[in-house]
Amino acid sequence: MVIRTNSDRLKKYRRMIVALLASEGNHQCSVCMVNNHCELQNLAYDVGLLYVRVPYLYPKKETDASHESFIIDRNRCVLCTRCVRVCHEVEAAHVWDIAGRGIDCTIVADLNAPWGSAESCTSCGKCVLVCPTGALVKKGESVAEMEKHTEFLKYIVTARRKGEWISFENNEE
Ligand code: SF4
Ligand code: SF4
């Protein structure tokens, strides 16, 4: 069996998927706290995305700054569900869920309450660390200042697959 993972056709499809993600949200990198520390931005560079052919949707989704330490800007969310999974599977708080369908899909805290009033949140910050974009950020950081620490995800995968709760610095998998 021959498996191709990097043909011209695949590159074209990957570029289209990243373009659709970019067009669906508001991703103005120049005014984003995670500019140059963003996985979506890195993906766009990797696939050679120079322009977006489809119309931008410019959604007007809710930004919630009610939490004392963090902010969620749903306009920058790519619905990867990392926040939902890390909060449920690692922190065991299960603050986040997905509400709505299709283009109205959005991340909600505690059955659609303001994040700041979500009693289930322990303020651990894990969801903020694993969010690939500027949708979840720490308060008080300026543009391009906040770094994400998605290496934590490998630790989660090992914990789930092997039941081993090891330091993620030692996790080479
Ligand atoms: S800060 Fe921690 S407990 Fe609160 S929503 Fe994020 S992962 Fe869940
Ligand atoms: S981790 Fe970030 S981008 Fe992914 S679903 Fe949560 S808020 Fe959206």
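The values are calculated or read from the model by the stated rules, or taken from the named source; none is laboratory data. Note that the coordinates shown come from a computational prediction; the quantities given were computed from them, not determined experimentally. Using ideal geometry, Cβ is built from the backbone for each residue, glycine included, and neighbour counts are taken over all protein chains shown.
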**OP:** Could you please find all residues in the range 125-155 being within 12 Å of ligand 1 (Cβ to nearest atom), modelled with pLDDT under 95 and out of contact with any Lys or Arg (no Cβ under 9 Å at 6 or more places or on another chain)?
**Re:** K126
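Within the range 85-105, track down each residue that is without any contact (Cβ under 8 Å) to a residue 24 or more places away in the chain and under 23 Å from I17 (Cα atoms).
Restricting attention to the range 85-105, the residues satisfying the condition of being without any contact (Cβ under 8 Å) to a residue 24 or more places away in the chain are 88, 92, 97-102, 104.
Listed by number, the residues that qualify are I98, A99, G100, R101, G102, D104.
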Original post:
Considering the range 29-50 alone, what residues qualify as being in contact (Cβ under 8 Å) with a residue 12 or more places away in the chain and in a helix (DSSP H, G or I)?
Top reply: C29, S30, V31, E39, L40, Q41, L43, A44, V47
Original post:
Which pairs do you get when a residue that is hydroxyl-bearing (S, T, Y), found in the range 2-13, comes within reach of a residue that is assigned to a loop (DSSP other than H, G, I, E, B), reach meaning Cβ atoms under 8 angstrom, with the pair 6+ apart or on two chains?
Top reply: none
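Taking into account only those residues within the range 129-154 that are among the hydroxyl-bearing types (S, T, Y) and within 13 Å of ligand 2 (Cβ to nearest atom), which is surrounded by the fewest Cβ atoms within 10 Å (Cβ to Cβ)?
Filtering the range 129-154 down to residues among the hydroxyl-bearing types (S, T, Y) leaves 133, 142, 150.
If we keep only those that are within 13 Å of ligand 2 (Cβ to nearest atom) as well, we get 133, 150.
Numbers: T133: 24, T150: 14.
Only one residue tops the list, namely T150.
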**OP:** Scan A99, A109 and give me the residue that is under 17 Å from the mean Cα position of the chain (by Cα), within 11 Å of ligand 2 (Cβ to nearest atom) and modelled with pLDDT of 95 or more.
**Re:** A109
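To keep it simple, each residue is scored yes or no on (1) more than 16 Å from ligand 1 (Cβ to nearest atom); (2) under 30 Å from K162 (Cα atoms); (3) buried (at least 20 other Cβ atoms within 10 Å of the Cβ).
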residue: G48; (1), (2), (3): yes, no, no
residue: K60; (1), (2), (3): yes, no, no
residue: A65; (1), (2), (3): no, no, no
residue: R85; (1), (2), (3): no, yes, no
residue: E91; (1), (2), (3): no, yes, no
residue: D97; (1), (2), (3): no, yes, no
Original post:
Would you pick out the residues in the range 68-96 that are within 12 Å of ligand 2 (Cβ to nearest atom) and not in a helix (DSSP H, G or I)?
Top reply: F70, I71, I72, D73, C77, V78, L79, C80, T81, V95, W96
Original post:
Do we find a residue being without any contact (Cβ under 8 Å) to a residue 24 or more places away in the chain and either touching a strand residue (DSSP E or B) at 6+ places or on another chain (Cβ under 9 Å) or in a loop (DSSP other than H, G, I, E, B) (or both) anywhere in the range 16-28?
Top reply: yes
